[in-house]
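What follows draws every value from the coordinates through simple rules; no lab data is involved. Keep in mind that what you see is a predicted model, and the values were worked out from it rather than measured. A quick note on method: Cβ atoms are made from the backbone with ideal geometry, for glycine too, and the neighbour counts reach across all protein chains shown.
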Amino acid sequence: MARFGITYSRLIAILKIALPMLALGLLSTLFLVSNRITDSTASVPFAKVDLAQRAREQQITAPFFSGRTKAGHLVAFSAQSARPDPDKPSRSSATRMDARIDFVDGSRITVSAQDAMIDNSTHIATLEGGVFIISSTGYDIQTRKIIAHMRDATLLAPETVRGEGPGGKLEAGKLEVTQGDENGETTLFFSDGVKLMYEPLD
């Protein structure tokens, strides 16, 4: 009695023909589906809007600037981000700004603020929004605004300052950080109604 069935060699021969045909069928299906997409730029407007917005904003991430003043003080500014003012190209705004000044007399002052405005034409940075000032001479001060002259490394807090110093807690209407002309010593000058709560050392 004869046996009917597909032998191994015959199965291989059939698959050699069937598999390529199946692959051609899948490829033709892909081409048919792709031909249905008439507008290949349908998703581009979102990218164009994003690029146009970035071009207008010109935001810089983590900018950093450092230099030396004529008197030899080292100045460094860094921020989380910065962008130029579209109306005044010489001005730029920054967020989360930190400043550090290393004076020639060996003292140091660091300043941090939520926001800042930098005027490149005058080399003046105005820091606002919870400004913290820490001096290596022992002062820890908080104020609303401080004006930093980057060329000569002088600081001005025109409004009320509060904090602690070597003598205790203090409050004043204004603070100026300057360097003496003769010896170059850094001075923190408090004025406009200075209040000091003396705390004697134990």
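Once you list every other residue whose beta carbon is under 9 Å from the beta carbon of GLU159, what net charge do they have if Lys and Arg are +1 and Asp and Glu are -1? So the surrounding residues net to +3.
Separation of the alpha carbons by more than 30 angstrom is noted, of LYS70/LYS195; LYS145/LYS169; LYS145/LYS195; LYS70/LYS145, for LYS70/LYS195. Would you be so kind as to identify which of ALA82, LEU156, VAL177 lies farthest towards the positive end of the dipole of the range 60-198, taking Lys and Arg as +1 and Asp and Glu as -1 on Cβ and the Cα centre as origin? Farthest towards the positive pole: ALA82.
About its Cα centre, the range 60-198 has a charge dipole of approximately 340 debye under the convention of +1 per Lys or Arg Cβ and -1 per Asp or Glu Cβ, with nothing else charged.
Legend: calculated FRET efficiency, ASP105 to ASP85, from the Cβ-Cβ distance at R0 = 25 Å, rounded to 0.05, equals 0.10. Taking 7 Å steps out from each Cα toward its Cβ at PHE65 and ASP152 produces label points 1.8 nm apart.
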